[in-house]
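Asks: Mind having a look at this structure? Questions to follow.
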Amino acid sequence: MSAPGAGRCDVAIVGGGMVGASLALALAGTRLKVTLIEAVVAGSDLQPSFDDRSTALGNGARQILQTLGVWDEIAPAAAPIREIHVSDAGHFGFARLNAAEHELAAFGYVVSNRHLGAVLWRALGRSPQIELRSPARVAAVRIAPEWAQLSVQAEHGDDGPLLARLVVAADGAHSLVKQAAGIESSSSDYRQVALVANVRTDHSARGVAFERFTATGPLALLPLADGAYTVVWTLAPDAAQALRDCDAGEFCRALQRSFGWRAGRMLQVGRRASYPLSLVRAQGVTGERVALIGNAAQALHPVAAQGFNLGLRDAAMLAELIATAADPGAQAVLAQFARQRDADRGGMIMFTDQLVKLFNTRRGAAIAARNLGLLLFDLSQPAKRALSRLSWGFGDSLPRLSRGLPLLR
Ligand SMILES: Cc1cc2nc3c(=O)[nH]c(=O)nc-3n(C[C@H](O)[C@H](O)[C@H](O)COP(=O)(O)OP(=O)(O)OC[C@H]3O[C@@H](n4cnc5c(N)ncnc54)[C@H](O)[C@@H]3O)c2cc1C
């Protein structure tokens, strides 16, 4: 099926959002010929991955980004989370986690997606061995035993076919590559929307993240480097729309009522955006000549802020396995990738999904048990220690990059 005049590479990464760009950067020092294809230029207002949201990076993600050599550029705009306060609105349950008690400088760091995108794409621009095609969209993928053939459409027209030994789907929850590879995927709608905005209060945010479980769903306030907070407010779709469209004063008053006064008086709100929430889960993370990473493999509810952290470990493990492989798309390599990611992926999907269900319940007995659970959690150092280790993932196959080791031995 090899088309005459087709471009060739070892690895074609489809999607240069948070996870695809990270994988490309991880592969920059290897001997692999890598092409990264991204539909929307980083820095554009329409970029769906590097948009107005902010992301909480756990210590595991920080370690990977540090090993990739970009943490020093991210850090000046990252706010450390030194304390986490968890509460249940209208009930007695309350738990507080303090990073210093776990001998950590911070549980994680909050950074704006735009800044993360700018840093990752700048670093890619310094890596001549990675071919960047953006804006360019993969319109079709045909899989054959030896090669996958991608049709790439650039702004000025057809870019011609591209042959790759391995195609990596980093093209998000509605992945075209996943469909082209015939990998089944399930989607279950939480019937909730995350409303996201930055707010300023009369207290500057100083390293405390709040997670409050309300009658409508979880409400998180995460500290930002400029002293404001980013709010992720889970709501029923109609309530989310009303709060997205109302005036700023009304929004601040509604947020104050739901959240209370722990972060001070709500003064200002920035641009609001909403994200319908569902759990999208591919049945498997590989197909012939194809590997899925990030949201293409699994898109999670943001309640535990784990989606990118998990996707980054997908990228780190895949990079490690293909870096020295004679054929990066060989069946044995892909089978090992699937095995190595199984426990972490399954564990994190279940943990997040159960957390959403636990805190969405309206049943009296379940609410009492949940509040008792929070109190017991507050008293239990081992439980807190386990939670503080969450950002390293489930299972015991930690990628080399998460351990601070370079990809190549
Ligand atoms: C409200 C909210 C808050 C969140 N907060 C956190 C958090 O605090 N911590 C955390 O770890 N995670 C968080 N997440 C999850 C995190 O945002 C996702 O896990 C992450 O965006 C996944 O990145 P990705 O690169 O896999 O996919 P995406 O971000 O969906 O990027 C996919 C990319 O592929 C490109 N693309 C798509 N199709 C094509 C094509 N055919 N050709 C070329 N390019 C294509 C798109 O333009 C895009 O750039 C949050 C999610 C939400 C919704």
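The values are calculated or read from the model by the stated rules, or taken from the named source; none is laboratory data. All values reported here derive from a predicted model rather than from experimental measurement. Backbone-built Cβ (ideal geometry, glycine too); neighbour counts: all protein chains shown.
Condition check ((1) among the aliphatic types (A, V, I, L, M); (2) farther than 16 Å from S127 by Cα; (3) in a strand (DSSP E or B)) across all residues:
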| position | (1), (2), (3) |
| --- | --- |
| A28 | yes, no, no |
| R31 | no, no, no |
| A39 | yes, yes, no |
| L65 | yes, no, no |
| D72 | no, yes, no |
| L97 | yes, yes, yes |
| L104 | yes, yes, no |
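Asks: Same structure, new question: Conditions first: (1) surrounded by fewer than 22 Cβ atoms within 10 Å (Cβ to Cβ); (2) in contact with a helix residue (DSSP H, G or I) (Cβ under 8 Å, 6 or more places away or on another chain). P135 passes all but one, so which condition is the exception?
Replies: (2)
So that you can scan it fast, the table gives a plain yes or no per residue for (1) of a type outside the set (A, V, I, L, M, F, W, C); (2) surrounded by fewer than 22 Cβ atoms within 10 Å (Cβ to Cβ):
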| site | (1), (2) |
| --- | --- |
| A315 | no, no |
| Q331 | yes, yes |
| A343 | no, yes |
| D353 | yes, yes |
| F359 | no, yes |
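Asks: Just checking, does the range 64-78 include any residue being at pLDDT below 95, within 16 Å of the ligand (Cβ to nearest atom) and not aromatic (F, W, Y)?
Replies: No - not one qualifying residue is present in the range 64-78.
Asks: Which members of the range 230-245 meet the condition of being more than 12 Å from the ligand (Cβ to nearest atom) and part of a helix (DSSP H, G or I)?
Replies: If the condition is that a residue be more than 12 Å from the ligand (Cβ to nearest atom) and part of a helix (DSSP H, G or I), then P237, D238, A239, Q241, A242, L243, R244, D245 are the ones that fit.
Asks: So which of G172, G227 ends up being assigned to a loop (DSSP other than H, G, I, E, B) and surrounded by 14 or more Cβ atoms within 10 Å (Cβ to Cβ)?
Replies: G172
Asks: Still on this model: What number of residues in the range 144-175 are in contact with a helix residue (DSSP H, G or I) (Cβ under 7 Å, 6 or more places away or on another chain) and more than 15 Å from G16 (Cβ to Cβ)?
Replies: 2
Asks: Additional query: So, restricting to strands (runs of 3 or more DSSP E) that lie completely within the range 246-319, which ones have at least 2 residues that are under 19 Å from Q331 (Cα atoms) and within 16 Å of the ligand (Cβ to nearest atom)?
Replies: So the answer is 290-292.
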